[in-house]
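The values are calculated or read from the model by the stated rules, or taken from the named source; none is laboratory data. Remember, predicted model here, so these are calculated numbers, not experimental data. Cβ sites come from the backbone with ideal geometry, for glycine too, and all protein chains shown count toward neighbours. Heads up: the accessible areas ignore ligands, DNA and RNA and are worked out on the full protein's heavy atoms, side chains in. Shrake-Rupley method; radii C 1.70, N 1.55, O 1.52, S 1.80 Å.
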Amino acid sequence: MDPEVALRKIIHIDMDAFYASVEQRDDPSLRGKPLAVGGSRERGVVAAASYEARKFGVRSAMPSATARRLCPDLLFVKPRFEVYRAVSEEIRAVFARHTPLIEPVALDEAYLDVTENLLGLPTATAVAKAIRAEILERTGLVASAGVSYNKFLAKVASDHRKPNALFVITPAMGPDFVAELPIGRFHGVGPVTEAKMKRLGIETGADLRAWTPERLRETFGSAGAYYHAVARGIDERPVRAHRVRKSIGAETTFSEDTAAFEVLAARLAPLFDKVWAGAEAKGMRARTVTLKLKFSDFAQVTRAKSLTVPVADRANLERIGLDLLAGLFPLRRSARLIGVSLSGFAQDAPEAPLQLGLAL
């Protein structure tokens with residue numbers, strides 16, 4: 001490991017149940033109750049869930065109908081993205097008091113490089129404590145924080161004891177901590193990849209560490225190099241301030257491959273919701289819709305349509321996406337993943353720098 005990289009001080013801030021917490025803050029009648037932010041209609045999707053709802057298994061990106069079955073008393077409120085953006089900018093202002101090196105990941109999430117902090121606090125842990133206190137005082141909301149020497153471990157640390165937590169993974173702790181970490185807790189390992197790894201006998205970081213780079217590449221493609229590094233507590237990705245957002249997308253991997261149009265179209269429905277919500281949250285409008293299919297051999301095909309004016313609404317996004325999907329039929333083989341994205345943002349949209357508002 002590069003010794004200079006190892007000495008970085010990285011904080012990952014993750015607001016606890018952000019959308020739901022804002023709604024409960026602003027409407028006291030919702031406090032202590034299972035709450036979902038999102039559409040309650042049959043084809044709606046949960047954008048966020050309060051911790052009271054999560055006790056019933058309700059999660060973000062879950063179809064609203066499923067969430068209601070899990071929690072019959074679940075309350076739904078429509079998202080107020082303009083409010084979330086405003087709160088996000090307040091949080092961003094707190095970050096900026098401590099460091100200019102801010103990489104927003106979502107409205108409620110960001111990486112900060114505090115190797116050198118603006119207030120001269122003695123440690124990254126002290127910076128994280130100050131940031132959490134300032135966010136609470138300024139917004140009335142709770143943030144969890146992870147502190148470590150790289151982005152992967154800072155993310156793992158912020159998730160470790162949520163909600164309302166601060167956890168530190170020091171360089172001395174890192175390799176052993178990762179070795180004991182369940183593979184499902186690795187950032188970048190989704191449910192389908194987790195299931196595949198477990199079938200191959202990879203249950204923990206120590207199991208993953210035993211695989212050679214060549215075998216990881218053969219089994220997991222380009223992600224193999226990433227898995228090889230993080231299994232050893234290594235992540236040399238820098239915190240990227242002033243990152244320009246080029247697209248907003250979502251995808252899902254299937255537990256079983258399929259070549260049926262009706263099945264693939266149904267899998268797209270929550271992705272349309274998620275992508276459009278992301279565009280709304282950032283106040284961005286795009287002119288290009290792209291559909292992606294990936295097959296069992298990891299080969300993939302994309303189809304895109306560009307308009308002369310921005311995509312008007314979610315219904316327009318869905319109509320274009322389904323037309324692109326229909327144009328690929330009949331499929332010669334089954335698909336294992338489907339995705340949709342928006343790009344070609346209008347010049348007057350607040351696309352960059354992203355740190356002006358923590359984007360979804």
Exercise for the section: Identify all residues within segment 113-167 that are within 20 Å of the chain's Cα centre (by Cα), among the basic types (K, R) and within 12 Å of D14 (Cβ to Cβ); write none if there are none. Expected result: K155, R161, K162
Practice task
Just name the residue that is nearest to Y19 (Cα to Cα) out of those in segment 119-138 that are in contact with a helix residue (DSSP H, G or I) (Cβ under 7 Å, 6 or more places away or on another chain) and surrounded by 18 or more Cβ atoms within 10 Å (Cβ to Cβ).
Solution key: I135
Completion exercise
Residue hits (segment 176-189; farther than 12 Å from F152 by Cα and open to solvent by 40 Å² or more (accessible area, probe 1.4 Å)) are D176, E180, P182
Practice task
Find the residue count for segment 10-21, including only residues that are touching a helix residue (DSSP H, G or I) at 6+ places or on another chain (Cβ under 6 Å) and open to solvent by less than 10 Å² (accessible area, probe 1.4 Å).
Solution key: 4
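If you go through segment 231-271, how many residues are among the aliphatic types (A, V, I, L, M), open to solvent by 50 Å² or more (accessible area, probe 1.4 Å) and under 16 Å from I338 (Cβ atoms)?
Kept after step one, since they are among the aliphatic types (A, V, I, L, M), are these residues of segment 231-271: 231, 234, 239, 241, 244, 248, 250, 259-260, 263-266, 268-269, 271.
Imposing the further condition that a residue be open to solvent by 50 Å² or more (accessible area, probe 1.4 Å) reduces the set to 244, 263, 266.
Next, only the ones that are under 16 Å from I338 (Cβ atoms) stay: 263, 266.
Summing the residues that are among the aliphatic types (A, V, I, L, M), open to solvent by 50 Å² or more (accessible area, probe 1.4 Å) and under 16 Å from I338 (Cβ atoms) in segment 231-271 gives 2.
Restricted to segment 295-341, and to residues that are among the charged types (D, E, K, R) and crowded, with 18+ Cβ neighbours inside 10 Å, which residue is modelled with the lowest pLDDT?
Of segment 295-341, the ones among the charged types (D, E, K, R) are 297, 303, 305, 313-314, 318-319, 323, 332-333, 336.
Add one more test, that the residue is crowded, with 18+ Cβ neighbours inside 10 Å, and what stays is 318, 336.
Details: E318: 94, R336: 91.
Here the residue is R336.
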Exercise for the section: Give just the number: which of (1) under 30 Å from K33 (Cβ atoms); (2) surrounded by 14 or more Cβ atoms within 10 Å (Cβ to Cβ) does Y111 not satisfy? Expected result: (1)
Problem - Of the criteria (1) outside any helix (DSSP H, G or I); (2) open to solvent by 10 Å² or more (accessible area, probe 1.4 Å); (3) closer than 24 Å to K162 by Cα; (4) not small (G, A, S), which one E116 fails - result: (3)
Practice task
For residues that are within 20 Å of S255 (Cβ to Cβ), hydrophobic (A, V, I, L, M, F, W, C) and under 24 Å from the mean Cα position of the chain (by Cα), tally how many sit in segment 179-225.
Solution key: 9
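Can you tell me how many residues in segment 290-311 are in a strand (DSSP E or B) and closer than 14 Å to L328 by Cβ? Give the steps one after another, and end with the answer.
Our first condition is that a residue be in a strand (DSSP E or B); within segment 290-311, this holds for 290-295, 300-306.
Of the ones still in play, those that are also closer than 14 Å to L328 by Cβ are 290-295, 300-305.
So the answer is 12.
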Problem - Odd one out for L35 among (1) crowded, with 20+ Cβ neighbours inside 10 Å; (2) touching a residue at least 60 places away in the same chain (Cβ under 8 Å) - result: (2)
Handout entry: Matching residues in segment 144-178 - criterion: being out of contact with any Asp or Glu (no Cβ under 8 Å at 6 or more places or on another chain), over 26 Å from S50 (Cα atoms) and in contact (Cβ under 8 Å) with a residue 24 or more places away in the chain
Key = S148, Y149, P171, G174, P175, F177, V178
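Within segment 190-222, take every residue that is of a type in the set (A, V, I, L, M, F, W, C), open to solvent by 30 Å² or more (accessible area, probe 1.4 Å) and assigned to a helix (DSSP H, G or I) and give me the one that is modelled with the highest pLDDT. Walk me through it before giving the result.
Step one: filter segment 190-222 for residues of a type in the set (A, V, I, L, M, F, W, C), giving 192, 195, 197, 200, 202, 206, 208, 210-211, 216, 220.
In the following step, the residues that additionally are open to solvent by 30 Å² or more (accessible area, probe 1.4 Å) were identified as 192, 195, 200, 206, 210.
Remaining after also requiring assigned to a helix (DSSP H, G or I): 192, 195, 206.
Values: V192: 87, A195: 93, A206: 97.
Per the criteria, the residue is A206.
Would you check which residues across segment 78-91 are within 18 Å of G278 (Cα to Cα) and either surrounded by fewer than 19 Cβ atoms within 10 Å (Cβ to Cβ) or without any contact (Cβ under 8 Å) to a residue 24 or more places away in the chain (or both) and list them?
Within segment 78-91, the subset within 18 Å of G278 (Cα to Cα) is 78-89.
If the condition is that a residue be within 18 Å of G278 (Cα to Cα) and either surrounded by fewer than 19 Cβ atoms within 10 Å (Cβ to Cβ) or without any contact (Cβ under 8 Å) to a residue 24 or more places away in the chain (or both), then K78, R80, E82, V83, A86, E89 are the ones that fit.
Does L141 count as in contact (Cβ under 8 Å) with a residue 60 or more places away in the chain, open to solvent by less than 50 Å² (accessible area, probe 1.4 Å) and part of a loop (DSSP other than H, G, I, E, B)?
On the way: in contact (Cβ under 8 Å) with a residue 60 or more places away in the chain: yes; open to solvent by less than 50 Å² (accessible area, probe 1.4 Å): yes; part of a loop (DSSP other than H, G, I, E, B): yes.
It is true that L141 is in contact (Cβ under 8 Å) with a residue 60 or more places away in the chain, open to solvent by less than 50 Å² (accessible area, probe 1.4 Å) and part of a loop (DSSP other than H, G, I, E, B).
Each row is one residue, and each column tells you yes or no for (1) touching a residue at least 60 places away in the same chain (Cβ under 8 Å); (2) surrounded by 15 or more Cβ atoms within 10 Å (Cβ to Cβ).
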{"residue": "D26", "(1), (2)": "no, no"}
{"residue": "A47", "(1), (2)": "yes, yes"}
{"residue": "Y51", "(1), (2)": "yes, yes"}
{"residue": "F76", "(1), (2)": "no, yes"}
{"residue": "P104", "(1), (2)": "yes, yes"}
